[in-house]
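The structure's right below; bear with me while I get my questions together.
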Amino acid sequence: MSDRGHEVVTLDGGEFVMGSDDHYPEEAPTHRVRVSGFGVDRFEVTNRQYRAFVAATGYVTVAERPLDPADYPGAPPENLVPGSLVFTPTPGPVDLRHLSQWWTWVPGASWQHPYGPTSSIDELLDHPVVHVAYDDAAAYAEWAGARLPTEAEWEFAARGGLERAAFTWGDESRPGGSLMANTWDGLDFPWRSTGESGYLRTAPVGSFPANGFGLHDMAGNVWEWTDDWWTSAHPDDADKPCCVPTDPRGGDVEASFDPAQPQFRVPRKVIKGGSHLCADSYCLRYRPAARRPQMIDTGMSHVGFRCAWDTDKETPT
């Protein structure tokens with residue numbers, strides 16, 4: 001354990017099959033890649049760790065900074081204040097095609113005030129930090145002497161040595177009936193949870209079983225930033241073993257913009273792992289192959305990160 005609270009697992013790297021042909025289209029096609037050895041945090045970065053970073057550097061996160069109206073054409077003036085998006089359960093069933101029904105822009109919400117300006121992290125210090133935009137996560141990683149993982153590194157680590165498995169622990173969502181990750185309990189998302197996990201929102205890191213590499217929360221709890229630009233699909237598999245890419249990276253910044261929202265010229269990075277809001281009836285994305293785009297200027301109450309470490313540098317143990 002380092003003086004900044006990181007427990008790092010060193011992985012030798014290797015070849016694995018990345019992606020899935022059985023779930024969402026952006027996860028396909030499956031293809032072989034190789035990753036070099038690297039280190040990865042055993043746990044997601046916590047509020048305690050992020051608080052130490054802010055205390056040492058005076059860093060101000062994106063959610064705490066004033067907004068430029070020119071960057072958000074058509075946005076209501078009352079929304080153009082520092083804040084972030086907070087999950088808000090609905091009073092009953094809703095049309096799951098319209099996620100605006102359970103996401104609320106909350107002025108004053110930030111990593112220090114995860115549910116709004118009157119909330120606090122005092123009782124959440126061992127929970128993953130949330131409401132961090134890409135720059136916020138990257139700044140922390142640089143301060144810690146680390147970096148954010150590539151998508152390929154993240155998925156290699158999440159699989160825990162299980163080739164082609166659907167989940168980080170195997171192919172059954174609940175082996176032996178056991179709840180393996182902090183995800184939405186029950187089928188009534190976003191309005192009714194069974195409470196089986198004991199958590200409606202985030203859980204303290206390490207509350208659920210580790211994968212085969214000893215890494216916790218690679219499924220559920222919070223989505224995690226990677227350092228790769230978003231692509232709408234994976235590349236094709238290599239024709240020959242000799243041509244399998246080593247340490248591949250995602251697409252380029254220009255291709256990462258959202259074609260459905262051309263008015264927002266904000267590039268997107270890949271996030272991985274799913275969150276406590278993943279429900280089998282709505283978002284079966286608490287799997288290693290799952291991937292989503294996230295605008296780099298947008299933190300949310302279910303987005304966090306963990307650090308990766310180059311093994312040719314000294315890493316905390």
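The values are calculated or read from the model by the stated rules, or taken from the named source; none is laboratory data. None of the values given here were measured: they were computed from a predicted structure. Backbone-built Cβ (ideal geometry, glycine too); neighbour counts: all protein chains shown. Calculation scope for accessible area: heavy atoms of the full protein, side chains included, ligands and nucleic acids excluded. Shrake-Rupley method; radii C 1.70, N 1.55, O 1.52, S 1.80 Å.
Residue check, V222 against (1) more than 21 Å from A158 (Cα to Cα); (2) among the β-branched types (V, I, T); (3) modelled with pLDDT of 95 or more, all met but one. Which one?
Single failed check for V222: (1).
For the stretch 76-90: of the residues being open to solvent by less than 40 Å² (accessible area, probe 1.4 Å) and hydroxyl-bearing (S, T, Y), which is farthest from V62 (Cα to Cα)?
T90
Can you find, within the stretch 168-205, the residue that is least open to solvent (accessible area, probe 1.4 Å) among those that are within 26 Å of L11 (Cα to Cα) and of a type in the set (V, I, T)?
Within the stretch 168-205, the match that is least open to solvent (accessible area, probe 1.4 Å) is T168.
Does the stretch 4-33 hold any residues that are open to solvent by 30 Å² or more (accessible area, probe 1.4 Å) and farther than 24 Å from D171 by Cβ, and which are they?
Scanning the stretch 4-33 gives R4, G5, E7, T10, D12.
Please return the ranges of strands (runs of 3 or more DSSP E) entirely within the stretch 209-300 where 1 or more residues are in contact with an Asp or Glu (Cβ under 7 Å, 6 or more places away or on another chain) and exposed (fewer than 14 other Cβ atoms within 10 Å of the Cβ).
Result: empty, no element qualifies.
Then there is this: Residues W111, W102: which one is under 20 Å from the mean Cα position of the chain (by Cα) and modelled with pLDDT under 95?
Going through W111, W102 in turn, just one is under 20 Å from the mean Cα position of the chain (by Cα) and modelled with pLDDT under 95: W102.
Right, here's the next one. Among A158, A165, A146, which is the only one that is within 24 Å of H234 (Cα to Cα) and buried (at least 23 other Cβ atoms within 10 Å of the Cβ)?
On inspection, the qualifying residue turns out to be A158.
When residues of the stretch 174-197 are filtered for being over 26 Å from G92 (Cα atoms) and under 22 Å from the mean Cα position of the chain (by Cα), how many remain?
So the count comes out to 2.
For Y134, work out the one condition from (1) out of contact with any Lys or Arg (no Cβ under 9 Å at 6 or more places or on another chain); (2) within 21 Å of L80 (Cβ to Cβ); (3) buried (at least 17 other Cβ atoms within 10 Å of the Cβ); (4) in contact (Cβ under 8 Å) with a residue 40 or more places away in the chain it doesn't fulfil.
So the condition that Y134 fails would be (1).
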